[in-house]
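Each remark here refers to the structure printed beneath this line.
The values are calculated or read from the model by the stated rules, or taken from the named source; none is laboratory data. All of these numbers come straight from a predicted model, not from anything done at the bench. Here Cβ is always computed from backbone atoms with ideal geometry, including for glycine, and neighbour counts include all displayed protein chains.
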Amino acid sequence: MNLFPESETPPNAPRMLVSREKDRFVSINGPKVRHGRFLTERDVWFRPHLQEQLRAWAPSLVMDPFVGEGHLLDLAKSLLGCDVIGYDIHPVGNWIFNDSLLSIPTAPEGSVVVTNPPYLANYSAKRKGVLDTTGRYFSTTRWDDLYQLAIDCCQASCPRVMGIIPETFLNSPYPKSKLCSFTVLLENPFEDTETPVGVACFDGIDKPLDQIALYVGDERVANLGMIEAQRLRPANTHAITFNHVEGQIALRAVDLQDPGKPIRFFCRGELNYDPAKMKVSSRLVTYIQIPSLNAKDLPRLVSLLNGHLADFRAGCHDLLLSPFKGNTKTGRRRRRLDYATARSLIERSLDELTPQQPSLFDQAVV
């Protein structure tokens with residue numbers, strides 16, 4: 001029996017360190033975290049093209065296996081006038097009890113699932129001290145987040161699924177060939193989390209990635225095949241060390257809320273950040289050591305890096321960069337540059353800075 005509603009945190013709740021530098025802790029709402037529950041209370045997620053998709057599917061029944069208070073089914077019913085059914089491990093009102101992370105009743109032919117499944121990564125469950133109750137779910141799947149297990153269960157019940165899931169899905173290894181679209185939501189549909197999310201639409205049909213539409217807000221910006229073609233992978237052709245206190249290059253790897261302070265590479269002295277604050281695990285600000293770099297080439301290398309970074313961001317519409325909590329003051333999704341992609345950009349810029357000399361064979365041919 002829960003003595004505290006999931007929306008409330010008991011006064012003696014465990015606390016988790018979120019910033020060692022600021023000595024900042026947050027209290028963990030155990031009942032809520034254990035089930036990865038974030039209630040969708042705003043309909044900003046239901047973009048016009050998603051409404052059109054649902055109309056085109058013309059379902060006879062809309063099902064939500066993680067129904068919560070039923071907001072999504074209310075929207076679906078008001079749009080389509082169809083029958084609805086909801087399941088939940090904590091049913092409210094007339095919804096049906098079911099642990100949908102274990103299995104979901106098979107939906108009748110012609111149905112569609114519309115859902116906001118639970119989000120909880122395996123490492124977060126360990127960090128927040130709730131693995132005792134969530135471990136049984138992770139033991140049944142190869143995935144590392146409950147939302148991925150939930151999508152598996154949904155697709156096993158019904159091939160057509162419209163799910164509000166973390167935007168990190170785009171850069172995850174989860175199979176995407178049965179998507180028909182993915183929409184990055186610029187407005188947060190939740191009242192209780194800033195997790196960047198999107199809407200994944202699965203139609204159950206295997207297809208090439210270039211047939212899967214990608215939207216940012218209401219704008220169709222590309223297809224998944226085009227975006228995947230832009231992905232960078234390091235070749236490890238140069239000695240490059242991140243989080244090195246003597247690094248010649250500084251990297252602010254995250255967009256700040258000020259739109260004039262995006263992800264950027266700097267010459268060491270240009271970034272006002274104490275290298276002593278870095279840790280081996282630092283991912284937002286770092287100093288990068290390149291032993292082969294000549295000091296006189298540093299300014300040109302930084303210029304090349306920022307040019308290649310801008311081209312990469314434009315080419316992939318930012319979708320290959322990790323989403324970061326919140327938006328900039330102009331409403332653009334904040335992003336984080338992962339170090340594998342940063343390494344690729346550095347390798348490319350170093351090769352351009354010092355082009356490879358032709359071999360003796362090449363010279364002879366010339």
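Just to be sure before I move on: is Ala239 among the aliphatic types (A, V, I, L, M), exposed (fewer than 14 other Cβ atoms within 10 Å of the Cβ) and closer than 30 Å to Ala310 by Cβ in the structure I sent? Taking the combined requirement at face value, the residue satisfies it. Remark: pairs (first residue in the stretch 50-67, farther than 16 Å from Ala213 by Cβ; second residue charged (D, E, K, R); Cβ separation under 6 Å; 6+ apart in sequence or on different chains) = Leu61/Asp83; Val67/Asp88. For the stretch 139-170, a residue qualifies if it is assigned to a loop (DSSP other than H, G, I, E, B), among the acidic types (Asp, Glu) and touching a residue at least 24 places away in the same chain (Cβ under 8 Å), but none of them does.
For the stretch 164-207, the tally of residues that are at pLDDT 95 or above, touching a Phe, Trp or Tyr at 6+ places or on another chain (Cβ under 9 Å) and of a type in the set (Ser, Thr, Tyr) stands at 4.
Residues are listed down the side, and each one gets a yes or a no for (1) surrounded by 18 or more Cβ atoms within 10 Å (Cβ to Cβ); (2) modelled with pLDDT of 90 or more; (3) among the charged types (D, E, K, R):
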{"position": "Lys32", "(1), (2), (3)": "yes, no, yes"}
{"position": "Phe38", "(1), (2), (3)": "yes, no, no"}
{"position": "Val44", "(1), (2), (3)": "no, yes, no"}
{"position": "Arg47", "(1), (2), (3)": "yes, yes, yes"}
{"position": "Ala56", "(1), (2), (3)": "no, yes, no"}
{"position": "Gly70", "(1), (2), (3)": "yes, yes, no"}
{"position": "Leu73", "(1), (2), (3)": "yes, yes, no"}
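When Phe324 is tested against the conditions (1) touching a Pro at 6+ places or on another chain (Cβ under 9 Å); (2) farther than 18 Å from Asp258 by Cα; (3) aromatic (Phe, Trp, Tyr), the lone failure is (2).
Listed conditions (1) in a strand (DSSP E or B); (2) farther than 22 Å from Glu347 by Cα; (3) more than 23 Å from the chain's Cα centre (by Cα) are all met by Tyr273, apart from (1). For the stretch 171-218, a residue qualifies if it is within 19 Å of Trp45 (Cβ to Cβ), part of a loop (DSSP other than H, G, I, E, B) and polar (S, T, N, Q), and the qualifying residues are Asn188, Thr193, Thr195.
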